[in-house]
Amino acid sequence: MDRREALKLTALAAATTVASRRVLAQARNPAQNTAAIDPSVVRRMGTDVRWDKAPCRFCGTGCHVQVGVRAGRVVAIAGDQLADVNKGLLCVKGYHVGLALYGSDRLTQPMLKRNGRHEPISWDEAIRIITDKIAADPAGFAMYGSGQWTIPEGYVANKMVKAGLGHNNIDPNARLCMASAAAGYVSTYGVDEPASCFDDLDHADTVIMWGNNPAEMHPILFSRIVDRRARGQTVEIIDIGTRRTRTTGFANHYLEFKPHTDMAIANCIAQQLLASNTHSREWVERFVAFRKDAAQPNLLGEVATFEEYRQKVARYTPEYVSTLSGVSVEQLRMLGRLFGDPAKRITSLWCMGPNQHTRGTAMNRLLHGIHLLSGHFGREGDGPQSLTGQPSACGTAREVGTFAHALPGGLLVANPEHRHETEEIWNLQPGRINANIGLHTVEMWKRFSTPSSEGGSVHTIWVQVTNPGQSLPNLNRLFKPSRQLADKFLIVSDVYPTATTREADLILPSAMWVEKNGMVGNSERRTQQWFKMVDPPGQARPDAWQTLAVARALFDRAIPGMRDKDGNFLFEFKRPDGTTVPAWEWAHFYDVNVDEQLFEEYRRFSRFKHKDLAPYGEYVRARGLRWPVVRQPNGVWKETRYRFIEGEDSYVARGKRVQFYHSTSRDDRAQMWLHDYVAPPESPSPEYPFWLCTGRVLEHWHTGSMTMRVPQLRGSVPQAYVELNARDAVRLGIANGALVLLESPRGRLVIPAWIDGRGRPPEGSVFVPFFDERLPINDLTLDAHCPISKQPDYKKCAVRVSLAPAGATVTAPSPASPAPNRGG
Amino acid sequence: MKPRDSQRLLYVLGALVVSASVLGFFAGVRDTGRARVYRTPRVRYPGELDTAPSYRDEREARRGNRARHAGNLAAMAELRPALFDPVPDGDVAGLTRALAARALRRAYAGAPPTIPHGIDDIAVPACLTCHERGMQVGQRVASAMPHPRYDSCTQCHAQALPSVPRMDLPLGAAASAENSFVGLEEQRGTRAWIGAPPTVPHRTAMRSQCESCHGVLGAGIRSTHPWRQSCRQCHAQAGTLDQSPQGGVDESTPPWATLNAPGMHAP
């Protein structure tokens, strides 16, 4: 035995001795064995780490992670190998999602602003204050939620407002993120959400990114595409964008267009299909109808004809669109040829580019239109698909219907039958659901920031799971004025101090992610479930409990809406023996699975629009299921990958091949819309000569309230910056890292420049990420929005760029002189 | 076995350990000729880790004392210990250092390590030039990927050094940078008896290419027999280590929950 062996054996023997002593100690004293959990539900690595599944907290991809918990704390994360979405892989945010719970400045107790300072108060007092505000004037109370609400949280809030308060002033931040996509689906197929699913990414021959940078924003989906190349497959990527990004690096073709002209490019594809007679005659004859906008644009529009469509798109020749968009004629012809080839499988992906667009609904319709016209629809790898940015933008905002115009299950406030059905399920007096659509996000905050005497009818907003003080557009108009008005009361439930909590009158500390039970729904109709794994810090409590507690306090004060028509409280929770559990009392919140009982009630809504959800228990077992989940004769709950397609979707009648069974023309056809290119509301001018685009980066998620507290992510991208074209920088005398003054008609910001950085905008345009609360770019953005979806355009407005004067600091950005807003 | 008997056994075992330690200590101090000089890793700001040279540094240094690298990656790649070179074994201090160095770049055992050098922030990363086979340049090792090939490296690996121009900005109130997360430490393998091959103490998903860490470049955690290719022939998965996320919870895995392509990402 040489010295190496000796040392090695020594180390081993020492380790073994220590390990065996521990085992013996535990055997002698079972009370010390802290891991005494039912072995059938515990998976272990090492001796004391318990693993369980959860969907990732961040984006709308819906990856499943395995969460490792030891001694009441999350200690590790692993990709879930059983998950269809991510197949064991995660992105840099997902691998570090567990750290998001442990930022040192978690909010741990309710706080009330008194004399300009936040002072701790009790939960009882906080609930009483909220109840006072609502009871005094229920009509002036609004709720502003989020696509990060879990499904049960959104359901409780939705029911409390729409059934309990008798108005519809509740809207999620998803209005800012995918309202245009939702409007596009509803007006095309008669029902919301993608017909296809992520499986497309494994099968497409060509993937087109429409103003989309999934290499950073949806990394797992992007790797599902590019990793096929590593396995020897061929997949073509076409990046149609307004700046070079990491996605561009992987693309076979990069088509750089002038902002907003994507509408013309879509029409150009249709023009070429018709001119070369390469459109799908079968689809035009059997599966589509035509629509155009009415004088007052809405979801239904007016009937149009194929001939009108043909005439409308005829002018969008590659030559004309090339001058409009800046994309070369040859590249436009390439797109035309591609869609004209029936053998190719083409997947169109888009996210905020077409959605955050003042013609967002129109742009979404046009994208569906070119796929329908060419018949590139309904096969694996062949179809249009929008992505979402929040874990439950689909599950909660769209499906639970937390929008001001919506009811659960895809039902609409404006539809009398839908209101009736809702009243039936909720056991309400007929007519209880208000027929008037509530305030959409921009309108809600505008009214909150307008003095009550001048029509500012909203006096109190309760914000949950979102950060409008940083993420609303045009903050100087929509957010900040309210903070100067004495009678406007802002309530914020959150987990960390944010730009919003700092301005709040009342702060409520929330439990996050695996500190509570939850369910969410991702971008491909996949409903997911997880269980609470660790305790929230201090007095932090789940948002669902917070809302329930307020609803119960209103019930106790005899606010009539909090009773159903039999006089019972709107929210009843039962033990297995049928007795009622007062889950609104914190001590009893976990006596039953509140999530399960709320979900089982909500699930009844899912039948109306064929968005069938399975029983809660099915989701406990699965890594998410894509609706409609239909029970088969053999008792198995079967999910649906492709809707409207025979053999895939249980609701398509035999022999139909393709059936759009919620068609608004009531003939099983999808609607193809006619839309002309429309100029944007604000374009660069001599005074403001640059385009400003805003967005995200890979490492940070939305306003950074979680990711800026994760050292690995913050260390990687510690601050925001403005991306600038190198030629512009030279012309303006701006060096890398120099402070730059950005000014729009609405606000100004001093921010460091990054030239030839991660994204490379063309000359005449700049890009700023919005994650850094210290550098709030939304002081400059535009609140003009799509006339149908009401979604604002964060992707383009006009700014002036100059080297910041010596001595300029980045702190305390101040509003420019109040300027009229040019948009609607 | 009664507790008292096991206690006695432990004392005997303990005595053996002590004597073996003494023996090993003197055996160890006698031959230090091949010992490497390590810089002791210390905990610093994530951006201030012990950093490898960036591409730019490499380019700029070509005429300096790094000229010998001359950008000839193929030649550099050959500068590595030969497969049959004697490997220092039983280097407990080296192992400790290696684990500490790993921990510095990872949030927890199994987390993707951060990138300790500058990168081109937009182009398709050329990471594989060095990290496909692994490379040693002087004292620095660019480890080979321990997982199947993926192209979008920055998807999982964050840069420890930001590319964003760094400025000391007087930025006011904002998110705290403090985080109290404590990550899982690397587990140790066990042996059935002294001399038995140790078990694999970590998940092998995304860590399936053993030679990436345990091959000839794996300072501190390298194998004594890097020429052997079929590692799991002898090294079993630790019995307490659950490899598969499905283990335990649901024996009747529903048909829709099966992987589309088993083993695609985790051979």
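The numbers here are math on the coordinates, done by the rules we state, and not lab data. These numbers were taken from a predicted model, which means no experiment stands behind them. So basically every Cβ, Gly included, is an ideal-geometry build from the backbone, and we count neighbours across all protein chains shown.
Results, tabulated for the structure shown:
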quantity	calculated
Cα-only Debye scattering, region A:679-741: base-10 log of I(q)/I(0) at q = 0.21 Å⁻¹	-0.96
Phi to ³J(HN,Hα) by Karplus 6.51 cos²θ - 1.76 cosθ + 1.60 over region A:236-246, Hz, x for Gly, Pro	8, 10, 10, 9, 9, x, 10, 7, 6, 10, 4
Alpha-carbon centroids, region B:221-240 and region A:574-609: separation in whole Å	51
Cα-centre dipole for chain A with unit charges at Cβ (Lys and Arg positive, Asp and Glu negative), debye to 20	1280
Peptide ranges B:193-206, A:145-158, A:371-384, B:142-155 listed from the most packed, as the mean C-beta count within 10 angstrom indicates	A:145-158, A:371-384, B:142-155, B:193-206
Dipole of the protein assembly as shown, positive end: most advanced residue of A:549, B:201, A:688 [Cβ charges, Cα centre]	B:201
Residues whose placed amide H lies under 5 Å from that of residue A:672, excluding near-sequence neighbours	A:289, A:290, A:291
Cα-Cα pairs of the protein assembly as shown separated by more than 48 Å (percent)	29
Residue-by-residue Karplus 3J(HN,Hα) for region A:97-104, coefficients 6.51, -1.76, 1.60, Hz, glycine and proline x	4, x, 6, 5, 7, 10, x, 6
Tail weight of P(r) past 21 Å, computed on alpha-carbon pairs of region A:690-803, percent	36
Dipole-positive endmost among A:108, A:463, A:507 within chain A (Cβ charges, Cα centre)	A:108
Convex hull volume per residue for region A:180-276, taking Cα atoms only, in Å³	131
Residues with amide H under 5 Å from that of residue A:767, placed H, sequence gap 5 or more	A:693, A:723
Region A:634-657 and region B:87-117: distance between their alpha carbon centers, rounded to Å	51
Net dipole in debye of region A:641-686 [+1 Lys, Arg Cβ; -1 Asp, Glu Cβ; about Cα centre; nearest 20]	320
Peptide A:93-102, shielding by other chains (average Cβ, 10 Å cutoff)	5
Relative contact order [Cα under 8 Å, 6+ residues apart], region A:253-383, whole percent	37
Relative frequency of Cα-Cα separations exceeding 21 Å in region A:179-386, percent	50
Along each principal axis, Cα extent of region A:334-476, largest first, Å	60, 43, 25
Beta bridges per DSSP with both ends in the protein assembly as shown, % antiparallel, nearest 5	55
Dipole in debye (nearest 20) - region A:531-573, about Cα centre, beta carbon charges: Lys, Arg +1; Asp, Glu -1	80
For A:70-79, mean number of other protein chain Cβ atoms within 10 Å	5
Among B:122, B:154, B:101 - extreme Cα towards positive end, dipole of the protein assembly as shown, charges at beta-carbon	B:101
Note, ³J(HN,Hα) from phi for region A:614-624, Karplus 6.51, -1.76, 1.60, rounded to Hz, x at Gly and Pro	7, x, 3, x, 5, 6, 5, 7, 8, 9, x
Whole-Å distance, taken between Cα centres, linking region A:507-555 and region A:133-210	18
Proxy reagent accessibility, fewest Cβ within 10 Å first, across A:305, A:242	A:305, A:242
Cα radius of gyration and Dmax for region A:623-765 (Å)	25.1, 72
